[in-house]
Amino acid sequence: MNAVGLANPGIDNFSSEMRIAREAGKPVIGSIFGSTVEEFIYVGRKMEEYGASALELNLSCPHVIGVGSEVGSDPELVEEIIGALKGKVKIPVWAKLSPNVTDILKVAESAALADAFVVINTVRGMAIDIHARCPVLSNVYGGLSGRGIKNVGIRYTYQLYKETGKSIIGVGGIETYEDALEYIMAGASAVEIGTGLYTKGKSIFKEICRGFSSFMDSEGFASIRDMVGVAVQ
């Protein structure tokens, strides 16, 4: 459980962090958020200027008032934001969708102009301190991440891939190569790792890549692309 919000130094102070990230020589995805179309455009263009390879629109943070899931649960606003931003930047635009909406397919339809979906963000939840007799988080509600949401993330990856056929980045509870493969076979073209990095450290990436290689050799897969969506019926 966490309620860290969307703390960051602000887009105008972000160029130094992007410069450090780009020193690795790998694509850097800029995650952005806002409360209005104009804010998304301003931040998105700045992130492109700093060298981002793609933009991930955070439309799904469950515990920050005025942004995140409050924006992502409004299909008309989602459509307006993505449409406007696509006309202002040249790099791909990804929409990070929320599991905390009534109908994720309806939101996905409104985000159809996005180049890919990122599925899912944290699931809204809370915890009680039984000795203090109050919520653990001062925010009361927070976001549940880690292994507890893996099956939810796989479900939505499967559903959105089957219904839309759009490229998907799977997120939620990935700690092993088997976890990552479940997402890929459900339709994800790539995965993100958050809590797993916190619990296992940077070695998690090499472990997963080694697991992939071993699995692909034993099962006769020539590339990861060959495994995308193979479980979808």
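The values are calculated or read from the model by the stated rules, or taken from the named source; none is laboratory data. Keep in mind that this is a model prediction, so the values were computed, not measured. All Cβ positions, glycine included, derive from the backbone under ideal geometry; neighbour counts span all protein chains shown.
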- Message: Name the residue that is nearest to E109 (Cα to Cα), counting only residues in segment 136-166 that are touching a helix residue (DSSP H, G or I) at 6+ places or on another chain (Cβ under 9 Å) and assigned to a loop (DSSP other than H, G, I, E, B).
- Response: K166
- Query: Which of the residues belonging to segment 113-132 are farther than 14 Å from G172 by Cα, touching a residue at least 40 places away in the same chain (Cβ under 8 Å) and of a type in the set (D, E, K, R)?
  - Reply: D115
- Message: Quick test of your reading of the structure: E80 fulfils all but one of (1) modelled with pLDDT of 95 or more; (2) surrounded by fewer than 20 Cβ atoms within 10 Å (Cβ to Cβ). Name the failing condition by number.
- Response: (1)
- State yes or no: is F221 more than 18 Å from the chain's Cα centre (by Cα), among the hydrophobic types (A, V, I, L, M, F, W, C), more than 24 Å from L113 (Cβ to Cβ) and assigned to a loop (DSSP other than H, G, I, E, B)? yes
- Scan segment 167-187 residue by residue and report those that are part of a loop (DSSP other than H, G, I, E, B), more than 29 Å from I128 (Cα to Cα) and not small (G, A, S). T176
- Identify, by number, the condition in (1) crowded, with 22+ Cβ neighbours inside 10 Å; (2) at pLDDT 80 or above; (3) out of contact with any strand residue (DSSP E or B) (no Cβ under 7 Å at 6 or more places or on another chain) that K96 doesn't meet. (3)
- What do you reckon, is G143 within 21 Å of the chain's Cα centre (by Cα), touching a residue at least 60 places away in the same chain (Cβ under 8 Å) and closer than 24 Å to G30 by Cβ? yes
